[in-house]
């Protein structure tokens, strides 16, 4: 029986946000190839930069069920857990 694969941002082999490592794991390719493709696309017109940011926001981190965007939509931007004062207390 085949295991169900899910796309996630990696926590182990990450350089920035784990997008490249997560994509490499999902497609079963070397992470260096994915990183090279991202850099090449970024240099050839910056196409990779908005895609990388979108993937960072939309792909859940390994071990998490929800992406950053899903958590923001679920809890709202004004969630007390995310708003901290300068002294470290929540308001």
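Here, each number is a calculation from the coordinates, and none is a lab measurement. Please read these numbers as outputs of a predicted model, since none were measured by experiment.
Between residue 29 and residue 3, what length in nm is gained on full extension when 0.36 nm per residue of separation is reduced by their alpha carbon distance? Intermediate results must be reported in sequence, preceding the final value.
Details: separation 26, 0.36 × 26 = 9.36 nm, distance 1.75 nm.
Separation in residues times 0.36 nm, less the Cα-Cα distance, equals 7.6 nm.
Once you have the Cα-Cα distance between residue 41 and residue 11, take 0.36 nm times their residue separation minus that, and quote the gain in nm to one decimal.
Working: separation 30, 0.36 × 30 = 10.80 nm, distance 2.34 nm.
Going from the current span to full extension adds 8.5 nm.
List, largest first, the extents of the alpha carbons of the stretch 19-75 along their principal axes, each in whole Å.
37, 26, 10
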